[in-house]
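Have a look at the structure below before the remarks.
The values are calculated or read from the model by the stated rules, or taken from the named source; none is laboratory data. Predicted model only: the values in this text are computed from it and were never measured. We place every Cβ from the backbone using ideal geometry, glycine too, and count neighbours over all the protein chains shown. The accessibility values were calculated without ligands, DNA or RNA, using every heavy atom of the protein model including side chains. Shrake-Rupley method; radii C 1.70, N 1.55, O 1.52, S 1.80 Å.
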Amino acid sequence: MAMSLVIDMFQFPQEWGVMWLPALLFTFQANLLYSGYQKLAAGIVQIIYQSRIVFIALFSVWLLKRRLILYHWLAVMMLVLGVMCAVWTDTFGAPGRSPMGGALAVLLAGLCTAFGSIHFEKMLKDKRKSSLWLRSIQLVFCRGVLSTIWVVLEADVRVIDEGLFYGFDQTVWGGIVWQVVAQRASWAHWRFWA
(Lines give C-alpha, C1' and ligand atoms only; values in the text may rest on other atoms or scores of the structure.)
Protein backbone atom coordinates (compact mmCIF):
# COMPACT_ATOMS: atom_id res chain seq x y z
CA MET A 1 0.00 0.00 0.00
CA ALA A 2 2.76 2.47 0.92
CA MET A 3 4.69 1.52 -2.20
CA SER A 4 1.68 2.24 -4.42
CA LEU A 5 1.43 5.71 -2.83
CA VAL A 6 5.09 6.45 -3.58
CA ILE A 7 4.69 5.23 -7.17
CA ASP A 8 1.59 7.39 -7.59
CA MET A 9 3.42 10.39 -6.15
CA PHE A 10 6.16 10.12 -8.78
CA GLN A 11 3.91 9.17 -11.70
CA PHE A 12 1.34 11.94 -11.09
CA PRO A 13 3.10 14.75 -9.19
CA GLN A 14 0.75 17.40 -10.61
CA GLU A 15 -2.21 15.73 -8.89
CA TRP A 16 -0.38 15.76 -5.59
CA GLY A 17 0.51 19.41 -6.20
CA VAL A 18 -3.08 20.43 -6.87
CA MET A 19 -4.16 18.84 -3.57
CA TRP A 20 -2.28 21.54 -1.65
CA LEU A 21 -5.06 24.07 -2.34
CA PRO A 22 -7.87 22.26 -0.49
CA ALA A 23 -5.41 21.28 2.25
CA LEU A 24 -4.48 24.94 2.72
CA LEU A 25 -8.14 25.97 2.71
CA PHE A 26 -9.08 23.34 5.32
CA THR A 27 -6.13 24.43 7.50
CA PHE A 28 -7.30 28.06 7.31
CA GLN A 29 -10.86 26.94 7.99
CA ALA A 30 -9.88 25.19 11.23
CA ASN A 31 -7.97 28.22 12.49
CA LEU A 32 -10.72 30.65 11.48
CA LEU A 33 -13.28 28.57 13.35
CA TYR A 34 -11.02 28.56 16.40
CA SER A 35 -10.90 32.35 16.21
CA GLY A 36 -14.67 32.56 15.78
CA TYR A 37 -15.28 30.40 18.84
CA GLN A 38 -13.10 32.71 20.90
CA LYS A 39 -15.16 35.76 19.90
CA LEU A 40 -18.71 34.36 19.72
CA ALA A 41 -21.03 32.05 21.56
CA ALA A 42 -20.91 28.47 20.28
CA GLY A 43 -24.54 28.45 19.13
CA ILE A 44 -24.06 31.58 17.05
CA VAL A 45 -20.91 30.11 15.48
CA GLN A 46 -22.88 27.03 14.47
CA ILE A 47 -25.63 29.14 12.89
CA ILE A 48 -23.22 31.37 10.99
CA TYR A 49 -21.14 28.39 9.88
CA GLN A 50 -24.21 27.06 8.07
CA SER A 51 -23.39 29.73 5.48
CA ARG A 52 -21.06 27.12 4.00
CA ILE A 53 -24.15 25.52 2.47
CA VAL A 54 -24.79 28.74 0.53
CA PHE A 55 -21.18 28.84 -0.65
CA ILE A 56 -21.29 25.14 -1.58
CA ALA A 57 -24.39 25.77 -3.69
CA LEU A 58 -22.72 28.69 -5.48
CA PHE A 59 -19.43 26.86 -6.07
CA SER A 60 -21.15 23.69 -7.25
CA VAL A 61 -23.07 25.70 -9.86
CA TRP A 62 -19.93 27.58 -10.88
CA LEU A 63 -17.26 24.84 -10.80
CA LEU A 64 -19.20 21.60 -11.22
CA LYS A 65 -21.79 23.05 -13.62
CA ARG A 66 -24.68 21.74 -11.54
CA ARG A 67 -28.17 23.09 -11.99
CA LEU A 68 -30.27 23.93 -8.96
CA ILE A 69 -34.03 24.12 -9.23
CA LEU A 70 -36.16 26.95 -7.84
CA TYR A 71 -36.81 25.17 -4.53
CA HIS A 72 -33.10 24.77 -3.92
CA TRP A 73 -32.50 28.49 -4.50
CA LEU A 74 -35.40 29.38 -2.20
CA ALA A 75 -33.91 27.19 0.53
CA VAL A 76 -30.52 28.84 0.04
CA MET A 77 -32.10 32.31 0.32
CA MET A 78 -33.92 31.33 3.52
CA LEU A 79 -30.61 30.13 4.93
CA VAL A 80 -29.00 33.44 3.97
CA LEU A 81 -31.74 35.34 5.81
CA GLY A 82 -31.28 33.17 8.90
CA VAL A 83 -27.53 33.71 8.93
CA MET A 84 -27.99 37.45 8.45
CA CYS A 85 -30.38 37.59 11.40
CA ALA A 86 -27.83 35.81 13.57
CA VAL A 87 -24.99 38.10 12.46
CA TRP A 88 -26.81 41.39 12.94
CA THR A 89 -28.50 40.69 16.23
CA ASP A 90 -27.17 42.79 19.10
CA THR A 91 -27.21 40.09 21.75
CA PHE A 92 -24.71 37.48 20.62
CA GLY A 93 -21.51 39.24 21.67
CA ALA A 94 -20.27 38.80 25.20
CA PRO A 95 -18.52 41.71 26.93
CA GLY A 96 -14.91 42.07 25.84
CA ARG A 97 -15.41 40.09 22.64
CA SER A 98 -15.44 41.22 19.04
CA PRO A 99 -18.66 39.80 17.57
CA MET A 100 -18.25 41.20 14.06
CA GLY A 101 -14.66 39.94 13.85
CA GLY A 102 -15.85 36.52 14.99
CA ALA A 103 -18.72 36.53 12.50
CA LEU A 104 -16.33 37.46 9.69
CA ALA A 105 -13.92 34.69 10.73
CA VAL A 106 -16.73 32.10 10.71
CA LEU A 107 -18.05 33.31 7.34
CA LEU A 108 -14.54 33.02 5.88
CA ALA A 109 -14.26 29.54 7.40
CA GLY A 110 -17.48 28.59 5.62
CA LEU A 111 -16.11 29.98 2.36
CA CYS A 112 -12.86 28.00 2.76
CA THR A 113 -14.79 24.82 3.59
CA ALA A 114 -17.08 25.20 0.58
CA PHE A 115 -14.37 25.93 -1.96
CA GLY A 116 -12.07 23.21 -0.59
CA SER A 117 -14.89 20.65 -0.63
CA ILE A 118 -16.01 21.46 -4.16
CA HIS A 119 -12.40 21.50 -5.38
CA PHE A 120 -11.88 18.07 -3.78
CA GLU A 121 -15.06 16.74 -5.42
CA LYS A 122 -13.95 18.10 -8.78
CA MET A 123 -10.62 16.30 -8.40
CA LEU A 124 -12.46 13.05 -7.65
CA LYS A 125 -14.35 13.41 -10.92
CA ASP A 126 -11.37 14.34 -13.10
CA LYS A 127 -10.24 12.38 -16.17
CA ARG A 128 -8.15 9.90 -14.19
CA LYS A 129 -11.00 9.00 -11.81
CA SER A 130 -8.72 8.33 -8.85
CA SER A 131 -10.19 6.51 -5.88
CA LEU A 132 -11.55 8.33 -2.86
CA TRP A 133 -8.98 6.46 -0.79
CA LEU A 134 -6.05 7.85 -2.80
CA ARG A 135 -7.42 11.40 -2.81
CA SER A 136 -8.03 11.23 0.94
CA ILE A 137 -4.46 10.07 1.57
CA GLN A 138 -3.18 12.94 -0.59
CA LEU A 139 -5.31 15.43 1.33
CA VAL A 140 -4.26 14.08 4.73
CA PHE A 141 -0.57 14.19 3.76
CA CYS A 142 -0.76 17.80 2.54
CA ARG A 143 -2.90 18.90 5.47
CA GLY A 144 -0.54 17.24 7.95
CA VAL A 145 2.46 19.07 6.52
CA LEU A 146 0.64 22.43 6.54
CA SER A 147 -0.73 21.95 10.06
CA THR A 148 2.72 21.04 11.38
CA ILE A 149 4.18 24.18 9.81
CA TRP A 150 1.34 26.23 11.32
CA VAL A 151 1.99 24.85 14.82
CA VAL A 152 5.74 25.47 14.54
CA LEU A 153 5.26 29.05 13.27
CA GLU A 154 2.67 29.82 15.93
CA ALA A 155 5.17 28.81 18.66
CA ASP A 156 2.50 28.26 21.32
CA VAL A 157 4.14 28.19 24.74
CA ARG A 158 1.94 25.30 25.91
CA VAL A 159 2.92 23.17 22.92
CA ILE A 160 6.61 23.94 23.47
CA ASP A 161 6.45 23.23 27.23
CA GLU A 162 3.89 20.44 27.40
CA GLY A 163 4.21 18.82 23.97
CA LEU A 164 1.86 18.49 21.02
CA PHE A 165 -0.66 16.38 22.94
CA TYR A 166 -1.10 18.89 25.77
CA GLY A 167 -4.50 18.39 27.37
CA PHE A 168 -4.97 14.83 26.15
CA ASP A 169 -5.92 12.95 29.32
CA GLN A 170 -7.30 9.46 29.87
CA THR A 171 -10.79 10.59 28.86
CA VAL A 172 -9.63 11.80 25.45
CA TRP A 173 -7.55 8.71 24.75
CA GLY A 174 -10.40 6.51 25.98
CA GLY A 175 -12.76 8.28 23.57
CA ILE A 176 -10.36 7.73 20.67
CA VAL A 177 -9.96 4.04 21.52
CA TRP A 178 -13.73 3.69 21.91
CA GLN A 179 -14.34 5.22 18.47
CA VAL A 180 -11.84 2.88 16.82
CA VAL A 181 -13.31 -0.17 18.58
CA ALA A 182 -16.90 0.88 17.81
CA GLN A 183 -16.05 1.52 14.17
CA ARG A 184 -14.32 -1.86 13.79
CA ALA A 185 -17.10 -3.66 15.65
CA SER A 186 -19.70 -2.05 13.41
CA TRP A 187 -17.70 -3.01 10.31
CA ALA A 188 -17.31 -6.60 11.54
CA HIS A 189 -20.98 -6.77 12.43
CA TRP A 190 -22.09 -5.68 8.98
CA ARG A 191 -19.58 -7.96 7.24
CA PHE A 192 -20.83 -10.90 9.29
CA TRP A 193 -24.50 -10.28 8.54
CA ALA A 194 -24.08 -9.24 4.90
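The table below gives the values:
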read-out: Scope segment 42-84; condition among the basic types (Lys, Arg) and within 16 Å of the chain's Cα centre (by Cα); matching residues; value: ARG52
read-out: Selected residue (only one of ALA94, ALA105, ALA109 is open to solvent by less than 80 Å² (accessible area, probe 1.4 Å) and either among the β-branched types (Val, Ile, Thr) or at pLDDT below 90 (or both)); value: ALA94
read-out: Cβ pairs under 9 Å, 6+ apart, first in segment 163-182 and within 24 Å of VAL152 (Cβ to Cβ) and in a loop (DSSP other than H, G, I, E, B), second open to solvent by 90 Å² or more (accessible area, probe 1.4 Å) and of a type in the set (Lys, Arg); value: TYR166/ARG158; GLY167/ARG158
read-out: Hits in segment 118-165 (condition: of a type in the set (Gly, Ala, Ser) and open to solvent by 50 Å² or more (accessible area, probe 1.4 Å)); value: SER131, ALA155
read-out: Helices (runs of 4 or more DSSP H) completely within segment 1-82 that count 2 or more residues being open to solvent by 30 Å² or more (accessible area, probe 1.4 Å) and of a type in the set (S, T, N, Q); value: 2-11, 20-39
read-out: Selection status of LEU81, at pLDDT 85 or above and closer than 30 Å to GLN138 by Cβ; value: no
read-out: Flag for TRP62 being farther than 15 Å from GLY110 by Cβ, among the hydrophobic types (A, V, I, L, M, F, W, C) and touching a residue at least 24 places away in the same chain (Cβ under 8 Å); value: no
